[in-house]
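Please treat every number below as a calculation from the coordinates, not as lab data. Being a predicted model, the structure only gives us computed values, none of them experimental. Please note: Cβ atoms are built from the backbone with ideal geometry, for glycine as well, and neighbour counts cover all protein chains shown.
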Amino acid sequence: MRKLRVAIIDLVTKAPTRRLYARVMNANLASIMPQVVAVWCEEAGHDVTLVCYTGFENLVEELPDNVDIVFIGAFTEAAQLAYSLSNLFRSNGAVTALGGPHARCYPQDARQYFDYVLGFTDKTVIRDVLNDCSQHRPIGMHIAAKQQPTTLPGVVERWKFIEPTLRKSPFLKIVPMIGSLGCPYTCSFCIDSVIPYQPLDFDVIKEDLRFLVRKLRRPRIGWHDPNFGVRFDDCMGAIEEAVPPGSIDFIAESSLSLLSEPRLKRLKRNGCMAILPGIESWYDLGDKSKTGAKNGMDKVLQVSEHVNMILRYIPYVQTNFVFGLDVDKGSEPFELTKRFVDMTPGAFPAYSLLSAFGQAAPSNLEYQRANRVLPFPFHFLDNNQAMNVKPKNYSWPDFYDHVIAVTKHTFSWRSIFNRFRASESTIPRWMNVVRAVSSEGFGRLKYYTELRQRLDADPQFRDYFEQQTHELPQFFADLIRKDLGPLWKWLPKGALYHDQNAYLNSEIDTPLKTVSVSTPLQESCG
Ligand code: B12
Ligand code: SF4
């Protein structure tokens with residue numbers, strides 16, 4: 001096969017930005033898989049350029065031209081940007097492939113704009129795409145491995161692609177690593193609720209850690225495991241065997257049920273600086289937070305005590321919540337969250353609005369069957385800018401009133417000050433302030449307030465939320481146009497809209513035709 005010019009684009013964000021928090025963090029949110037795909041493409045003998053878009057680059061200038069094939073990794077929030085890029089590259093003669101959360105969640109839609117849409121991706125999938133490398137239009141091919149890959153290239157192999165991205169981060173530099181895929185829990189809204197837990201090779205992890213302490217003064221690692229520490233002893237054992245205590249720092253997402261006091265002591269000894277447990281709801285998912293059947297205020301008391309205990313060992317804790325779950329009714333869930341914020345001042349609460357990402361989770365089928373999914377453009381599906389599931393127990397104005405009230409409380413100067421005082425270390429203290437005054441705290445409050453006002457004042461807006469019309473309110477179209485900037489003209493016709501029930505429809509009448517790997521594809525490269 002001839003040598004191909006391959007471009008890989010990791011869309012960490014969906015739009016240009018100048019925000020302080022984005023400057024500090026975006027390059028640290030780079031995904032692992034684009035780097036993995038880069039390694040696999042080089043291994044297959046091709047020329048590879050990887051661009052990680054953090055919102056500060058001039059994307060059009062930075063993109064390589066004259067490429068044969070482009071792989072784009074995108075979350076759903078970056079789908080419209082990805083579709084525009086694909087269109088631009090196709091117009092220059094390249095073949096395009098989409099991978100990542102959007103491809104996994106909305107394959108039917110993405111196939112209209114890409115030659116390949118990839119689900120689970122392993123080395124064989126990439127090899128097959130490179131061997132085929134041809135146009136599949138108007139409808140792209142959906143290709144997926146039968147399961148998650150059993151092995152992934154570690155940091156040593158990815159370093160060549162990690163290093164230039166880290167250079168974009170002026171203060172903090174966080175190296176992305178992963179020790180497991182899937183999750184043993186079954187939170188019905190989560191993409192991993194049906195994916196079996198599977199650890200990756202601990203020997204690769206040990207080699208990577210040894211490599212990093214040689215390369216960097218005190219490496220900081222971000223574990224991308226869906227749920228870090230499920231095999232806690234093996235994981236800690238690998239770190240302890242590989243590097244001396246105190247030589248690395250790390251951040252991980254984990255569930256409260258895995259964070260007992262003896263484990264926290266060990267996490268601290270091994271350099272855990274930040275942990276992001278999911279609490280999600282005061283009325284559900286008790287297994288995950290080890291609160292069993294406890295609900296409401298009882299759960300708040302127990303979780304708050306637990307998180308305060310974690311904060312004695314780990315300097316930074318972000319607690320994740322979802323608003324709008326079907327178990328929530330009235331003001332109580334929001335009032336309880338406010339109580340939690342007051343009782344747990346050292347933790348940074350991160351709020352998500354219930355979102356049904358296409359075919360990510362089994363519960364999405366139920367929402368689609370009940371006609372509760374709204375067709376908000378993908379651009380807004382980042383867990384905050386739009387909630388695409390009609391709440392079961394709230395009217396929209398009511399729901400936003402509650403969300404605004406809890407956000408106001410959380411990012412009031414009083415709460416910001418309490419958080420500042422409650423953390424002892426410098427980085428966590430200031431990180432919390434920056435997050436509060438930047439897009440996440442003040443920014444969201446302003447945005448939610450504007451949505452809320454429009455729900456009363458703009459009839460087209462309210463009708464859209466109430467599913468009386470599918471015509472997108474101008475407000476949303478304008479935001480996308482502004483964010484896409486010069487790429488707006490490349491957004492394919494019709495790509496602002498999608499079938500919000502594609503998952504359900506594909507189950508009923510047109511099952512998605514997926515090619516699993518090793519089905520021979522035609523061999524020809526354009
Ligand atoms: C780690 C993680 C993060 C990390 C790292 C993010 C990153 N850039 O990778 C952090 C904490 C920063 C993060 C942030 C966010 N996240 Co997140 N995150 C995850 C998590 C827990 C694991 C993802 C992961 O890396 N898995 C390991 C990889 C190897 O497996 P995989 O993701 O299944 O990918 C497979 C294929 O999709 C494919 N693939 C993946 N990427 C690519 C790229 C290319 C080019 C190719 C060819 C293939 C390919 O190969 C993999 C192997 O089969 C998932 C939930 C989950 N349990 O999966 C949510 C998840 C991906 N996140 C989600 C969301 C919504 C967000 C945020 C928007 C939340 C927010 N409001 O801030 C932000 C967006 C940040 C951004 N744009 O980068 C959603 C995405 C839904 C969607 N369709 O967009 C998920 C699915 C959680 C959910 N709600 O169910 N996240
Ligand atoms: S514990 Fe986290 S990763 Fe696991 S199923 Fe629940 S939300 Fe998903």
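Remark: D382, D115, D478 ranked as D478, D382, D115, counting other beta-carbon atoms within 10 Å and listing the fewest first.
In segment 72-142, the convex hull through the Cα atoms has an average projected area of 4.1 nm², a quarter of its surface area.
Here K513 is the anchor, and the lysines within straight C-alpha reach of less than 25 Å, apart from those fewer than 8 places off in the same chain, are K123, K146, K493.
A simple spin-label model places the labels of K493 and M343 5.8 nm from each other, with each point 7 Å out along Cα-to-Cβ. For the chain, place one equal point scatterer on every Cα, skip the solvent, and apply the Debye formula. What is log10 of I(q)/I(0) at q = 0.11, 0.13 Å⁻¹? Summing over Cα pairs of the chain leads to -1.01, -1.47.
Before anything else, pin down the relative contact order of the chain: Cα pairs under 8 Å, at least 6 apart, normalised by residue count, whole percent. Could you put the intermediate results ahead of the total?
Working: 967 pairs, mean separation 84.0, N = 526.
Computed value for the chain: 16 percent relative contact order.
P(r) for segment 52-184, from all Cα pairs and a bin width of 5 Å, is 2, 9, 17, 20, 21, 18, 10, 3, 1 %, short bins first.
The distance between label points at L20 and W430 comes to 0.9 nm (points 7 Å beyond Cα on the Cα→Cβ vector). What FRET efficiency comes out for R312 versus E471 if R0 is 45 angstrom and r is the Cβ-Cβ distance? Round to the nearest 0.05. Plugging the Cβ-Cβ distance into 1/(1 + (r/R0)^6) gives 0.25. Placing a label point 7 Å from the Cα of T151 along the Cα-to-Cβ direction, the residues of segment 38-79 whose backbone N falls under 18 Å of that point are 38-45. The label-point distance for R2 and R137, in a model that sets each label 7 Å from Cα toward Cβ, rounds to 1.9 nm. Considering every alpha-carbon pair of segment 246-336, the percent of pairs per 5 Å bin, from zero through the bin containing the longest distance, is 3, 14, 25, 23, 15, 10, 6, 3, 1, 0.
Pairs exceeding 18 Å between alpha-carbon atoms, taken from K173/K215; K446/K489; K168/K489; K408/K446; K14/K489: K446/K489; K168/K489.
Sorted by average packing, counted as other Cβ atoms within 10 angstrom per residue and highest first, what order do 486-492, 333-339 take? Intermediate results must be reported in sequence, preceding the final value.
On the way: 486-492: 15.1, 333-339: 19.9.
So the order, starting with the most tightly packed, is 333-339, 486-492.
Counting other Cβ atoms within 10 Å as a rough exposure proxy, the listed residues V117, V155, V437 run V437, V155, V117 from fewest neighbours to most. Taking a label point 7 Å from the Cα of A370 along the Cα→Cβ vector, which residues of segment 391-434 have an amide N closer than 14 Å to it? Within reach of a label on A370: 391-395.
For a paramagnetic label modelled on E163 (point 7 Å from Cα along Cα→Cβ), amide N atoms under 12 Å away belong, within segment 200-235, to 215-216. For L4, the residues 5 or more places off, or on other chains, whose built amide H falls under 5 Å of its own are D47.
Explain nothing, just the number: dipole magnitude of segment 5-149 about its Cα centre with +1 on each Lys and Arg Cβ and -1 on each Asp and Glu Cβ, in debye rounded to the nearest 20.
On the way: 12 positive and 15 negative charges, 93 e Å.
Dipole about the Cα centre, nearest 20: 440 debye.
Based on the Cβ-Cβ distance from I195 to L216, what FRET efficiency comes out when R0 is 41 Å, to the nearest 0.05? Show your work: numbers first, answer last.
Details: r = 32 Å, r/R0 = 0.78.
Computed FRET efficiency for I195 and L216: 0.80.
Cβ-to-Cβ counts within 10 Å put V67, V175 in ascending order as V67, V175, the fewest first.
Rounded to 0.05, the FRET efficiency of the D234 and R421 pair, given R0 = 30 Å and the Cβ-Cβ distance, is 0.20.
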